[in-house]
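To start, the structure itself, in structure tokens.
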Amino acid sequence: MSTEVKHGVSRGDKKERSLHGGGKLYIPAILQGMMFSIKHVFRKKVTKMYPEEKIELGAEFRGRPVLVAENGTERCVACGLCARACPPLAISMQASETDDQKERFPERFEIDMLRCIYCGFCEEVCPEEAIVMSPEYDFNFTDRKDAIMGKDRLIMDKEVLKPRLDFLAKKRNANYGEEQYTYDPANNYHTLRNRKDS
Ligand code: SF4
Ligand code: SF4
């Protein structure tokens, strides 16, 4: 008994799909495909004409990292943890002392946006909720120096960052069960002297 074998399927094999009538002309399949396309023509369009049209992204989106400002001052206490955790070594800072309650602040804080990989590790390790991933994704540079963002471009008010801060608190609280975490500005003071005064 001879059976012709094509693409590993024996013609005599009962499992082979047999087409009848219109199926042989692929008409049902063509109509099905056309119906699918027509249905999508009338659906709400999701394409945005970027960059003319900006995209609103949710709080879960990780845009460029920025420094959170509380009452006009950055929360950062220049502990250096974010710089240690940053895989591509994009963060650098110079700590200095101040007479206000938190005593330390970053005199210089820079993020090299050509190095940043938007991993969010800096945000995760910061004990002060002082650096978070902002909703900003739309920026460009004309030279390499331009890509190094200093405090003037990094500081952003906490109200602008509220959706992200709320999102982070919610994510954290999921690990704590009943206990709810809220940012306490008093935790931003780091000396015995200041704790006693406050
Ligand atoms: S981890 Fe937070 S507080 Fe520490 S240097 Fe970085 S941004 Fe500042
Ligand atoms: S998002 Fe990641 S790569 Fe970018 S500055 Fe933070 S830790 Fe570094």
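The values are calculated or read from the model by the stated rules, or taken from the named source; none is laboratory data. As the structure is a computational prediction, the values presented were derived from the model and not from experiment. Backbone-built Cβ (ideal geometry, glycine too); neighbour counts: all protein chains shown.
Data table
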{"quantity": "Strands (runs of 3 or more DSSP E) within segment 37-153 that include 3 or more residues surrounded by 14 or more Cβ atoms within 10 Å (Cβ to Cβ) and more than 20 Å from the chain's Cα centre (by Cα)", "calculated": "91-97, 104-112"}
{"quantity": "Residues of segment 52-92 satisfying the condition of being on the phi > 0 side of the Ramachandran plot and either more than 8 Å from ligand 1 (Cβ to nearest atom) or not assigned by TED's automatic domain parsing to the domain that holds residue 135 (or both)", "calculated": "71, 72, 89"}
{"quantity": "Residue count, segment 99-141 (criterion: touching a residue at least 60 places away in the same chain (Cβ under 8 Å), among the acidic types (Asp, Glu) and away from ligand 1 (no atom under 12 Å from the Cβ))", "calculated": "3"}
{"quantity": "Tabulated pairs, segment 40-66, first under 30 Å from residue 115 (Cα atoms), second among the basic types (Lys, Arg) and surrounded by 12 or more Cβ atoms within 10 Å (Cβ to Cβ), C-beta under 7 angstrom, 6+ apart or interchain", "calculated": "59/164"}
{"quantity": "Lone qualifier among 29, 95 - being assigned by TED's automatic domain parsing to the domain that holds residue 138 and not basic (Lys, Arg)", "calculated": "95"}
{"quantity": "Count of segment 59-92 residues which are farther than 17 Å from residue 150 by Cα and within 13 Å of ligand 2 (Cβ to nearest atom)", "calculated": "7"}
